[in-house]
Amino acid sequence: MTTSPQATDDARSWRGGRVRWARLFRQFGTLIGFIVIVAFFSWQKPDTFMNVRNWVNITQQVSILGVVAATMTIVMVLNDFDLSVGTMASMVGIVAGTLLRDGYMLGVALGLGLLVGAGGGLLNGVLVSYIRISPFVATLGTLTMFNGLALYISGGTTIFGRAIPTALSDFGRGGIYLGIVDGQRITLPYLTIITLVVLIVVWIVLEQTVFGRRLYAIGGNMEAARLGGVRVRMLRLMAFVISGMGAAIAGLMLVSRLASANPTQGDGLMLRAIAAVFLGMTMSEEGEPHVLATMLGVLILGVLANGLTQMQIDTYIQQILTGGIIVLAVTLSSLSRR
Amino acid sequence: MTMVHPPPTPAPAESTLLLHITGANKAYHGIPALVDASLTLRAGEVHALIGENGAGKSTLIKLMAGVLSADSIAMAVRGQPVNFREARDAFDAGLRFIHQELNAVPTLSVAENVFLNQRYPTRAGVFVHWRRLHRQTRDVLAQLGITHLAPGQIMARLSPGDQMLVKIASAFVDANPSAAGERAVAIYVMDEPTAALSTSEAARLFEVIDRLRASGCAILYVTHRLDEIFQLADRVTVLRDGRVVDCVPIEGTTAAGLIRMMTGRDLQQVYPPRGPDVQVSERVLLDVRELTTRAIHGVSFQLYENEILGVAGLSGAGRTELLRALIRADRVLAGTVSLNGAALQARSPAEAWDQGMAYVPEERRSQGLVLSRSISDNITLPHLRHLARRGTFLNHGRERRTSAEMSEAVRLKAEGVTQATWQLSGGNQQKTVFARAFARSPQILLLDEPTRGVDVGAKFDIYTLIRKINAQGTGIIMVSSDLPELIGMCDRILILRDGALVHTVQTEALTENELLTLCYGELSDDNQPASH
């Protein structure tokens with residue numbers, strides 16, 4: 001068979017080129033979108049947006065969302081969801097705030113708060129993994145339970161003022177002094193540091209451990225993973241426990257940041273965390289969540305909130321724009337996947 | 001640009017040319033899958049399409065179905081040039097596709113599945129006219145000689161073979177019977193329809209195919225089973241590496257000739273012999289006593305060191321379930337299993353793997369592989385802890401080396417161990433599952449249909465591998481519907497019927513007929529094994 005090799009090669013490389021562009025766009029479309037957003041705000045607000053201090057601010061603003069989104073990523077690697085993280089964060093805040101008000105030591109309050117998070121996650125894990133309720137239904141149920149518990153424990157009131165020790169509220173506002181840039185004092189917020197630590201731990205767990213690899217296997221094909229020697233039930237359970245603890249950490253960070261505990265103050269975290277994971281998933285060829293990509297999703301949400309607020313856009317309009325951008329990103333990603 | 005086409009087979013004047021394809025080209029990511037392929041289908045013929053996995057059969061079929069667009073192709077149906085942009089176009093042109101995978105809706109009835117791609121007959125244009133739907137379904141089934149299925153039966157309760165017959169029936173329903181004259185369905189493409197069928201179910205399918213041929217349809221029949229070709233086909237087109245090697249009438253060809261065309265080499269012996277110094281020893285490796293699960297009842301047997309033990313039986317006899325009980329994928333209700341004299345304590349597949357068992361499941365895509373992940377990830381999955389640093393942290397280098405070594409051992413053809421497994425051909429996917437099973441030199445290897453849907457060349461590779469691992473002392477239990485394969489590879493064969501062990505036979509001097517007879521047990525008149 002004699003085909004002209006020259007012609008075939010040309011056609012192939014041309015086609016290959018187009019495929020490569022589609023792939024690049026698919027993988028980095030979200031990143032490009034992020035750069036566009038940053039460029040837009042830099043142009044609109046040249047003085048206040050693009051400077052070190054504002055970026056440090058942004059990291060602090062997204063730090064709490066970052067923790068929840070990072071641990072949510074672990075659950076979503078399994079193709080599961082944890083809808084209860086928002087009310088869980090509120091409830092843990094109330095538990096810790098109540099203990100502090102009643103005079104318990106800071107360490108006890110924080111420790112018990114984390115324990116409550118782990119326990120709630122364990123409940124989710126047992127329901128999903130052993131009783132085999134769909135994660136959507138199971139965590140929707142516990143979402144409501146945690147919400148009710150938070151309201152019941154607090155009596156529907158906010159815990160604030162002298163009840164919250166200054167050590168905790170100072171921590172939420174403080175940071176490590178880095179130096180002076182452009183005449184501004186720059187400190188690295190403690191909350192940002194916590195998020196970085198959580199991020200690194202989650203990255204190591206997902207990308208560098210046997211546990212993480214097995215989670216991805218379960219997410220890819222649960223039956224094949226089980227037959228291939230993965231303890232599916234135990235691992236799913238552990239993922240939900242981790243997610244519960246992430247929510248608890250976020251709940252405590254909120255108390256510290258706001259110097260108060262309100263029975264609904266963490267509720268909004270859940271939807272934004274899931275949105276951040278979805279934004280990150282658009283960057284994966286296989287549509288798998290990865291925690292660094294999730295962080296890009298978190299940053300997109302944070303930058304939008306920061307920039308739009310600086311432009312004095314109404315918060316209602318902000319919501320419309322943010323939602324629209326999420327839908328747009330996922331749409332473009334799935335279109336380029338065809 | 002000059003292209004020399006392979007000489008097209010001239011269609012004889014007396015039979016109508018239903019489909020004519022020339023110059024079909026398709027490449028994935030620059031890698032050619034089809035090069036200048038051609039195909040002709042005449043009215044009243046069964047045309048076999050064969051080739052190794054990755055030879056381009058699936059690609060050609062997808063082009064015909066309009067689900068994949070060619071880089072270049074010239075296609076004509078009944079002499080009219082056509083250009084299929086989507087599946088509907090192929091459907092409207094009278095092409096029907098029957099795939100090996102059952103994509104029926106298990107919760108719906110037979111009738112609903114038969115009419116799945118059609119508008120249901122309605123009353124007042126809105127409400128489903130159930131009685132008419134059932135009557136039409138009965139008519140379609142009757143036309144195909146399927147009388148044992150009722151339209152109201154729920155799909156999930158049928159055997160895989162019956163489900164396949166329902167799917168085939170659905171391919172016979174024409175959207176618009178009134179316009180049947182000109183646009184009647186004329187071309188059926190069947191992609192390994194017998195893969196999940198028992199012998200008698202396959203025989204029923206062959207009758208249906210004969211009926212279709214007699215009515216002037218053309219059938220493109222894709223298979224890996226050469227015996228079926230000689231039984232059914234009028235002509236055969238052989239693909240190799242995306243090119244048409246030849247298109248020949250079945251008279252005058254031999255199985256050896258076809259194998260030579262597919263592989264480009266001679267395969268003297270289909271089953272590699274046992275090594276001269278490998279003897280089944282007296283030592284009992286696995287002792288199974290009264291093993292009972294929901295599907296199998298009181299099965300007892302021994303597996304000796306260096307032995308290959310076959311498991312035969314009709315579909316539904318409990319063959320797969322026996323392996324699932326041993327790997328602990330199904331709950332064991334009673335009985336004991338001892339490995340090397342010690343009781344097997346495993347309660348999950350994870351623990352069974354850790355105690356030296358390895359498993360190649362029946363369905364490599366749904367049960368074997370995590371398709372989104374790489375070859376390396378799939379091979380190392382059960383062995384991660386052993387490859388990791390301190391049992392916890394992934395050792396990427398070691399994983400890569402191990403999986404590269406294992407890929408080479410199973411002669412896997414891929415771009416590298418980081419390639420995603422969904423991109424591999426069926427044979428290479430199966431080799432990936434094998435590489436995983438071999439990676440830690442298991443004591444017991446459980447194989448469920450190890451060569452199903454695998455081409456001739458890869459089959460031989462897999463047989464050679466089974467011999468090799470067996471020579472190292474691994475005991476092998478192998479379930480297969482391919483009886484010659486069981487006789488050719490195994491030392492003894494267990495025969496299951498209705499979940500119980502009914503016979504154990506030595507394979508020496510055993511014939512396929514004897515084995516099949518044992519599988520069926522006492523024969524009643526309406527339950528004769530197909531005599532082909």
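The values are calculated or read from the model by the stated rules, or taken from the named source; none is laboratory data. Source: prediction; values computed, not measured. Glycine gets a Cβ as well: all are built from the backbone with ideal geometry, and neighbour counts include every protein chain shown. Surface areas here come from the heavy atoms of the whole protein model, side chains and all, with no ligands, DNA or RNA. Shrake-Rupley method; radii C 1.70, N 1.55, O 1.52, S 1.80 Å.
Some points to look at:
- Think of chain B as a dipole: +1 on every Lys or Arg Cβ, -1 on every Asp or Glu Cβ, centred on the Cα centre; then among B:355, B:252, B:236, B:355 lies furthest on the positive end.
- Sites residue B:122 and residue A:185, calculated FRET efficiency, Cβ-Cβ separation with R0 60 Å, nearest 0.05: 0.20
- Note on region B:384-530: Rg/Rh from C-alpha atoms, Kirkwood Rh, equals 1.07.
- Across region B:358-465, Cα pairs under 8 Å and at least six residues apart give a relative contact order of 39 percent.
- Along its three principal directions, the equivalent ellipsoid of the protein assembly as shown from the Cα gyration tensor extends over semi-axes of 55, 35, 27 Å, largest first.
- Beta bridge orientation in the protein assembly as shown: antiparallel %, DSSP, nearest 5: 60
- Proportion of all alpha-carbon pairs of chain B beyond 40 Å (%): 28
- Look at the stretch B:364-373: the mean tally of other chain Cβ atoms within 10 Å of its residues' Cβ atoms is 6.
- Compared with the dominant principal axis of the Cα atoms in chain B, helix B:426-438 is inclined by about 10°.
- Contact order relative to length of chain B, as percent, for alpha carbon pairs under 8 angstrom and 6 or more apart: 15
- Averaging the sequence gap over all C-alpha pairs within less than 8 Å and six or more residues apart, then dividing by the number of residues, gives chain A a relative contact order of 32 percent.
- When every Cα-Cα distance of region A:199-338 is counted in 5 angstrom steps from zero, the calculated P(r) takes the values 2, 8, 14, 18, 18, 17, 12, 7, 4, 1, 0, 0 percent.
- Farthest toward positive dipole pole in the protein assembly as shown [+1 Lys/Arg, -1 Asp/Glu at C-beta], among B:393, B:374, A:265: A:265
- Angle between chain B longest axis and helix B:160-172 axis [Cα atoms, degrees, rounded to 10]: 10
- The loop-placed GluC sites (Glu not before Pro) in region B:265-374, going by DSSP, that have at most 12 neighbouring Cβ atoms within 10 Å of their Cβ come out as B:282.
- FRET efficiency for residue A:118 and residue B:284, using Cβ-Cβ distance with R0 set to 45 Å, rounded to 0.05: 0.40
- The C-alpha atoms of chain A define a longest principal axis, and helix A:106-125 lies at about 50 degrees to it.
- Taken along the Cα-to-beta-carbon direction at a fixed 7 Å, the label points for residue B:147 and residue A:177 span 9.8 nm.
- Residue mean of other protein chain beta carbons inside 10 Å, A:209-215: 6
- Shown for region A:34-337: the carbon plus sulfur share of the solvent-accessible area, taken with all protein chains present and a 1.4 angstrom probe, equals 68%.
- Top positive-direction residue, dipole computed over chain B with Cβ charges, set B:313, B:487, B:22: B:22
- Test item: Cα-centred dipole of region A:34-337, Lys/Arg +1 and Asp/Glu -1 on Cβ, debye: 400
- A Förster radius of 25 Å combined with the Cβ-Cβ distance from residue B:107 to residue B:131 puts the calculated FRET efficiency at roughly 0.75.
- Solution diffusion estimate, µm²/s, Stokes-Einstein, region A:34-337, Kirkwood Rh from C-alpha pairs, 37 °C, viscosity 0.692 mPa s: 165
- Under the Karplus curve 6.51 cos²θ - 1.76 cosθ + 1.60, θ = phi - 60°, whole-Hz ³J(HN,Hα) for region A:220-225, x wherever Gly or Pro sits: x, 6, 4, 5, 4, 5
- With contributions of -39500 (n - 2.57) from each DSSP H run of at least four residues, the per-residue ellipticity at 222 nm computed over the protein assembly as shown stands at -15500 deg cm²/dmol.
- Cα-centred dipole magnitude for chain B, charges only on beta-carbon of K, R (+1) and D, E (-1), debye, nearest 20: 1700
- Chain A and chain B together bury an accessible surface of about 3200 square angstrom, both sides counted, with a 1.4 Å probe and no ligands or nucleic acids included.
- Karplus 3J(HN,Hα) series, Hz, for region B:444-454 with 6.51 cos²θ - 1.76 cosθ + 1.60 (x for Gly, Pro): 10, 10, 9, 10, 10, 6, x, 10, 5, x, 10
- Computed over the alpha carbons of region A:41-95, Rg followed by Dmax gives 16.1, 45 Å.
- Label-point separation, residue B:92 to residue B:200 (7 Å along Cα→Cβ), nm: 4.4
- Annotation: amide H of residue B:480 within the under-5 Å range of B:311, B:449, sequence separation 5 or more or interchain, hydrogens built in the peptide plane.
- Spacing of the modelled spin labels on residue A:40 and residue A:320, each 7 Å from Cα toward Cβ, amounts to 1.4 nm.
- Simple Cβ-charge dipole of region B:474-522, Lys/Arg +1 and Asp/Glu -1, about Cα centre, in debye nearest 20: 160
- For region B:109-121, the Karplus equation 6.51 cos²θ - 1.76 cosθ + 1.60, evaluated at θ = phi - 60°, returns couplings of 7, 4, 4, 5, 6, 4, 9, 4, 8, 10, 7, 5, x Hz by residue, with Gly and Pro reported as x.
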